[in-house]
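The values are calculated or read from the model by the stated rules, or taken from the named source; none is laboratory data. Only a predicted model underlies this, so the values are computations on that prediction, with no experimental measurement involved. Using ideal geometry, Cβ is built from the backbone for each residue, glycine included, and neighbour counts are taken over all protein chains shown.
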Amino acid sequence: MSVFASIDLGTNTVRLLVAARDSKGFKQLYSNQVITRLGEGLSNGGVLIDKAMERTISTVLNFKDEASKYNPSAIWIVATSAVREAKNRSAFIEKIKSVTGLQLEVIPWEKEARMTLLGVFSGIDSDIKNAIIFDIGGGSTEYAFTEDKKLVNSVGTDLGVVHLSERYITKDPVDEEELRILENVIADKVENVRNQIRSSLITRHSSLLIGTAGTVTTLAALDLNLYPYDPSKINGYILRLENVKKLLDRLKKMSLNERGKIPALEKGREDLIIPGTVIVIKTMEIFGFDSMMVSDYGLREGIILAKIKSFA
């Protein structure tokens with residue numbers, strides 16, 4: 001049995017998947033994730049700060065040890081927005097290599113979108129004619145437009161929840177004027193995405209909207225009041241726009257400390273859930289959806305699927 005591991009090194013979260021190759025692609029053996037906020041302060045100085053790199057490298061080392069228990073044929077580690085943008089990315093890549101022995105691959109957003117697409121569809125059994133898939137990250141949000149599960153178009157944005165939180169939300173609880181500015185910034189960028197893909201074959205009347213990554217799965221967990229987290233109840237869950245708006249209305253009135261006491265809200269997301277929820281709301285409104293499907297599958301599954309194809 002061939003076993004492989006993938007590590008998705010994101011701007012906010014590091015995710016591990018250990019999987020065995022099978023006739024359907026892969027079977028999950030083990031998974032884990034830790035919020036390390038690698039992109040902390042990146043929007044200010046353009047560099048990865050020491051404490052964020054240390055937290056992240058320590059987590060990667062732990063993940064390598066966890067994966068090694070399964071004797072994988074390969075461990076692939078892929079970095080996205082934060083490392084893409086950082087002026088000191090080369091130094092960080094070298095540190096990862098020297099401490100963990102792993103070669104970090106930094107992928108462009110287009111490749112990130114394609115891999116995420118592979119991952120998302122691996123977790124959906126039903127036939128889907130058209131879909132709009134969006135992946136909300138700590139440093140960026142990617143939109144992929146598909147037909148018969150194949151990519152038609154993709155658009156990358158700088159809508160990252162870490163950047164947005166640091167830049168626009170300074171008061172605790174959330175200030176209404178700051179929230180209004182944040183909503184306008186996000187709406188403008190989402191409208192730009194919609195305008196860029198008008199020429200594609202996707203129409204909202206025949207499409208399914210699918211959201212992936214931590215913000216969306218957390219909103220589903222909050223909507224279900226689900227704790228501990230259960231991927232089987234999250235993957236495929238239908239999240240309604242009216243419920244997301246109610247969640248935002250509730251969360252914005254709470255302090256960070258109060259949000260931190262909500263069992264279903266993953267620790268480390270207390271501030272990030274506000275901009276993330278606004279991205280979800282504006283995406284649904286601007287693309288004309290009153291509901292969306294939640295995917296617990298994403299980039300870490302896509303890395304495995306993309307890599308094992310070329311692995312002898």
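Observations on the model:
- Single unsatisfied condition, V99 versus (1) in the same structural domain as E40 (by TED's automatic domain parsing); (2) in contact (Cβ under 8 Å) with a residue 60 or more places away in the chain: (2)
- Test: residue in the range 266-284 that is in contact with a Gly (Cβ under 9 Å, 6 or more places away or on another chain), more than 20 Å from S154 (Cα to Cα) and of a type in the set (S, T, N, Q): no
- Some residue of the range 138-154 being surrounded by 16 or more Cβ atoms within 10 Å (Cβ to Cβ), of a type in the set (A, V, I, L, M, F, W, C), without any contact (Cβ under 8 Å) to a residue 40 or more places away in the chain and not assigned by TED's automatic domain parsing to the domain that holds L9: yes
- Residue ID - surrounded by the fewest Cβ atoms within 10 Å (Cβ to Cβ), chosen from residues in the range 3-27 that are more than 19 Å from the chain's Cα centre (by Cα) and within 16 Å of K69 (Cβ to Cβ): A20
- Of all the numbered requirements in (1) crowded, with 16+ Cβ neighbours inside 10 Å; (2) over 19 Å from I136 (Cα atoms); (3) not β-branched (V, I, T), E85 misses one, and that requirement is (2).
- Pairs are defined by a Cβ separation below 9 Å, a sequence spacing of at least 6 or placement on different chains, a first member in the range 55-80 that is crowded, with 19+ Cβ neighbours inside 10 Å, and a second member that is aromatic (F, W, Y) and not in a strand (DSSP E or B); the pairs so defined are T56/F92; I57/F92; I75/F63; I77/F63; A79/F92; T80/W109.
- Those residues of the range 151-176 which are over 16 Å from K253 (Cα atoms) and charged (D, E, K, R), in sequence order: D158, E166, R167
- Being within 12 Å of A79 (Cβ to Cβ), of a type in the set (D, E) and not in a helix (DSSP H, G or I) is a property that holds for E105.
- Among the residues making up the range 234-255, those that are surrounded by 14 or more Cβ atoms within 10 Å (Cβ to Cβ) and assigned to a helix (DSSP H, G or I) are I234, L241, N243, V244, K245, L247, L248, L251, K252.
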